[in-house]
Amino acid sequence: MKSSIKILIALFLFQFISNIYAQEEEQSLCKIVTDEKSGKPMLIGLCSRENLTNDTSFSWWFEAEYDYYEPEDSIMKLINLDSVKIVCVQGTWCSDSRREVPRFYKILDMLKFDYSNFSLYCVDRNKKAEGFDIDQFIIERVPTFIFYKNESEIGRIIETPVETLEKDILNILKNVQEP
């Protein structure tokens, strides 16, 4: 009996330590570094919304822009992002990213978007993120939102929307030919 309790405790400890290690690995995909130009913190790598909202260096602008933006309801009702994957490449040092990325998140939240189909890469001023192949996305300006359907790129919003984010998303979706 005592040996089975010891085995259960050992298994529990092993699982607990494994979970901690896995969380550290996951968190290490996004790191905070110092922007050489401004001396302020910036995020680099494959990041998440939590990286933007849990640190006061970023949450002040994220929350303000998210709360401020009101997407147009009549356009939102027409958007269907089912089976669409989105990659966002942004710079936390960039004023356009600070404005557009929180607004984009608000749109996705209102659409109840499945965030397992969303990737957020944060880059430095050279549009690089150590350890990640950002070149594959051909980024010239940030933020860049890249839309994919059936593994093919169907459109982009680069730096600022042509009209509004929701109208530009709808226009990208309208241009997709269904097989």
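The values are calculated or read from the model by the stated rules, or taken from the named source; none is laboratory data. Everything quoted here is computed from the prediction, not taken from an experiment. Ideal geometry is used to build each Cβ from the backbone, glycine not excepted, and the neighbour counts take in all protein chains shown.
For the stretch 131-164, a residue qualifies if it is surrounded by 15 or more Cβ atoms within 10 Å (Cβ to Cβ) and closer than 19 Å to SER83 by Cα, and the qualifying residues are PHE145, ILE146, PHE147, TYR148, LYS149, ILE154, GLY155, ARG156, ILE157.
Each row is one residue, and each column tells you yes or no for (1) without any contact (Cβ under 8 Å) to a residue 24 or more places away in the chain; (2) part of a strand (DSSP E or B); (3) not hydroxyl-bearing (Ser, Thr, Tyr).
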position	(1), (2), (3)
ARG141	no, no, yes
ILE146	no, yes, yes
GLY155	yes, yes, yes
PRO161	no, no, yes
LYS167	no, no, yes
LEU170	no, no, yes
LEU173	no, no, yes
VAL176	no, no, yes
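Scanning the stretch 92-104 for any residue that is among the polar types (S, T, N, Q) and either under 15 Å from the mean Cα position of the chain (by Cα) or modelled with pLDDT under 95 (or both) turns up at least one such residue.
Looking at PHE113, PHE137, just one residue is within 17 Å of the chain's Cα centre (by Cα), under 27 Å from LYS37 (Cα atoms) and aromatic (Phe, Trp, Tyr), and that residue is PHE137.
Matching residues to (1) outside any helix (DSSP H, G or I); (2) of a type outside the set (S, T, N, Q):
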site: PRO71; (1), (2): yes, yes
site: ASN80; (1), (2): yes, no
site: GLU100; (1), (2): no, yes
site: SER116; (1), (2): no, no
